[in-house]
Structure formats: C-alpha cells, structure tokens
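The block underneath contains the structure these notes are about, expressed in structure tokens.
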Amino acid sequence: MTRSSSWLQALVRISPYTFAAIGIAISIGVSVLGAAWYWDLLLAGIYITGSSLIGAAIKAPRITSKNLISVIFCEAVAIYGVIVAIILQTKLESVPSSQLYAAESLRAGYAIFASGIIVGFANLVCGICVGIIGSSCALSDAQNSSLFVKILVIEIFGSALGLFGVIVGIIMSAQATWPAKA
Amino acid sequence: MTGVIEKFFITSMVMWMAPLAILYSFYYGYIPGASQLSAENKTLISGFIAVISVNLVIGFYICMAMKESPSSSNPQPDPKFLAEAKASINQSENAASSSTGVDQTSGKDSDQNKGKME
C-alpha cells in the first residue's frame with residue numbers, strides 16, 4: 001500500500017513503545033522534580049520546605065517535629081509518581097510486528113504516554129504548591145504556633161491536586177490494552 | 001530530637017514500602033482473588049489501594065506529630081554561643097571605658113550598665 005509522505009505519517013509511524021516509554025519516564029522524572037527541586041523560577045518541594053524549616057528552627061527549635069509533616073507531603077508527591085510508573089510499566093506488552101501500527105496498539109501507546117504526562121505535570125505543580133506552603137507554614141509557626149493547623153489545612157488541599165492527577169492517570173492507563181497476538 | 005528523626009525515617013520507609021508491596025502483591029497473586037480480576041480492574045483497584053495507603057500513612061504521621069507535647073514555649077539559646085557573646089560585650093565595654101574613662105550608654109550596653117548601676 002503506498003502512502004504519500006507527510007508530517008502526519010511521520011507522527012503515526014513513531015513506534016507506540018516510544019510514546020509509552022517516554023510516558024513512564026515523564027511520570028517519575030517530572031514528579032520527582034516537583035517533589036524536590038525547582039521548575040523555572042519556582043522553588044519546589046523539599047528544596048524550599050527543608051531550607052525554610054532549618055532556618056526557622058534556629059530561633060524556634062520546637063517547630064521541627066510538627067513541620068516535618070510538610071516534608072512528608074512533598075515526599076508523597078514523589079511516591080505518587082513511582083506508583084504510576086510501576087503501574088504503567090506493567091501495562092507494557094509485546095505485540096507481533098504486524099500489529100505494531102494497528103489502531104489498538106497506537107491507542108495503548110498514547111494512553112500510557114498521556115497517563116505519564118498527566119501524573120508528571122500534576123505532581124510537578126502539586127510539589128511546587130506544597131513546598132511553598134510548607135515553607136510559609138514553618139516560618140509562621142516559628143512566630144505564632146496557633147497558625148500551624150490553619151496552614152496545614154491549606155497544605156492538605158494543595159496535596160489533593162497531585163491526587164487528582166494520579167487518579168486520572170490510573171484510570172487512563174487502566175484501559176491501555178494491546179492487541180492480542182493474532 | 002532523635003525521636004523526631006526516628007519517627008520521620010520510619011514513616012518515610014513505610015510510605016515507600018506499603019504502596020510498592022500492595023502493587024506487587026496484586027500482580028504476583030499474593031492477594032486471594034486478585035488473579036481473577038480483569039487487567040483493567042486489577043490496575044484500577046491496585047492503584048487506588050496503593051494511593052489510599054500512602055494517604056493513610058500521612059494521616060497517621062499527622063496524628064502522631066500533633067499529639068507530641070510542646071517541649072518549651074521560649075526558645076533557649078545555645079549556652080556556648082551565649083557565653084561567647086557576653087564575653088565579647090564585656091571585652092568591648094572594658095576597652096571603651098579604659099580608652100575614654102566615662103560610662104558608655106550605647107543602646108547595646110544599656111542593660112549591662114543598668115545592672116551595674118543598680
């Protein structure tokens with residue numbers, strides 16, 4: 001069968017395994033970036049929470065035990081990325097080469113890719129959010145300990161953002177089925 | 001302080017191991033009835049239970065941390081730092097009074113001087 005070459009053909013002829021593998025890499029790589037380091041000019045996760053906590057604890061050592069909760073929230077963001085990466089890699093299956101570019105194969109590859117992107121970027125912004133709130137929580141708790149619980153409630157809402165991404169990512173990957181060996 | 005670090009470390013380890021254990025036990029058949037699920041349902045159920053387990057561990061750690069009684073309301077400065085700071089203030093006062101021969105009433109030293117005069 002002859003096809004005219006076009007950019008659409010170039011896109012469709014990329015192996016679905018490529019998309020699936022990139023999706024898995026993004027789900028864990030970008031999640032950990034949000035949990036720990038920084039994105040653009042925004043400091044994320046444990047980077048900002050940890051340094052604010054250590055700095056504030058110089059004058060108010062009592063804040064350490066409670067404010068480690070913020071670090072735990074940031075770590076949970078990375079763990080969501082790990083969970084989804086493991087789920088996605090169990091969805092990879094071999095298909096015979098005749099079926100590699102069948103519609104169902106492409107669908108499965110794209111579903112795994114999309115799931116990885118969903119989880120990765122949701123956890124990225126969730127990590128930035130929880131990190132900055134956790135940093136403010138440590139600094140305000142050092143000044144006034146009655147503020148801690150109020151800011152913790154805001155932090156719980158912030159961590160729910162990552163949870164939404166994980167739920168949608170898991171649902172998206174659940175229906176990634178490769179064609180059966182014909 | 002070591003108790004705080006220990007609790008944090010144990011919570012982190014459990015937070016990593018619990019969801020991984022749940023995922024692998026679903027896929028390697030340690031859960032009775034898991035092998036009869038379709039692949040789609042297995043993914044959904046194992047994924048949701050793993051995420052719920054992470055949140056349960058976080059909730060448990062929050063309860064443990066909030067139950068800890070506060071150690072003291074006022075921060076206590078490090079005694080060695082405090083002794084060195086007092087020594088340097090005394091040293092600068094002695095140097096200033098020996099050079100000018102009058103009482104110094106600068107802002108930093110006002111408390112020290114009030115104590116001496118009383």
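Scanning the stretch A:59-99 for residues that are surrounded by fewer than 17 Cβ atoms within 10 Å (Cβ to Cβ), more than 9 Å from chain B (Cβ to nearest Cβ) and more than 19 Å from A:ILE170 (Cα to Cα) yields A:SER94, A:PRO96, A:SER97, A:SER98, A:GLN99. Taking the numbered list (1) assigned to a helix (DSSP H, G or I); (2) within 14 Å of chain B (Cβ to nearest Cβ) in turn, A:GLY109 passes all entries but (2).
Conditions (1) over 16 Å from B:ALA65 (Cβ atoms); (2) out of contact with any Cys (no Cβ under 9 Å at 6 or more places or on another chain); (3) not in a helix (DSSP H, G or I), marked per residue:
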site: A:GLY34; (1), (2), (3): yes, no, no
site: A:ILE46; (1), (2), (3): yes, no, no
site: A:THR49; (1), (2), (3): no, no, no
site: A:ILE54; (1), (2), (3): yes, yes, no
site: A:ILE58; (1), (2), (3): yes, yes, no
site: A:ARG62; (1), (2), (3): no, yes, no
site: A:SER65; (1), (2), (3): no, yes, no
site: A:ILE69; (1), (2), (3): no, no, no
site: A:ILE72; (1), (2), (3): no, yes, no
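Do you know which of the residues in the stretch A:168-182 that are surrounded by fewer than 19 Cβ atoms within 10 Å (Cβ to Cβ) and closer than 15 Å to A:SER27 by Cα is nearest to the other protein chains (Cβ to nearest Cβ)? It would help to see each step written out before you state the result.
Here is the first cut: in the stretch A:168-182, the residues surrounded by fewer than 19 Cβ atoms within 10 Å (Cβ to Cβ) are A:168, A:171, A:175, A:177, A:179-182.
When the remaining residues are screened for being closer than 15 Å to A:SER27 by Cα, the result is A:168, A:171.
Details: A:VAL168: 11, A:ILE171: 7 Å.
Here the answer is A:ILE171.
Scanning the stretch B:2-11 for residues that are within 11 Å of B:TYR61 (Cβ to Cβ) and out of contact with any helix residue (DSSP H, G or I) (no Cβ under 6 Å at 6 or more places or on another chain) yields B:LYS7, B:ILE10. Condition check for B:PHE60 on (1) surrounded by 16 or more Cβ atoms within 10 Å (Cβ to Cβ); (2) within 18 Å of the chain's Cα centre (by Cα): one failure, at (1). In the stretch B:29-40, the condition of being within 10 Å of chain A (Cβ to nearest Cβ), in contact with a Ser or Thr (Cβ under 8 Å, 6 or more places away or on another chain), assigned to a helix (DSSP H, G or I) and surrounded by 17 or more Cβ atoms within 10 Å (Cβ to Cβ) is met by no residue.
Laboratory data are not the source of any read-out in this text; all were calculated from the coordinates shown. Note that the structure is a prediction, hence the values are computed from the model and not measured. Please note: Cβ atoms are built from the backbone with ideal geometry, for glycine as well, and neighbour counts cover all protein chains shown.
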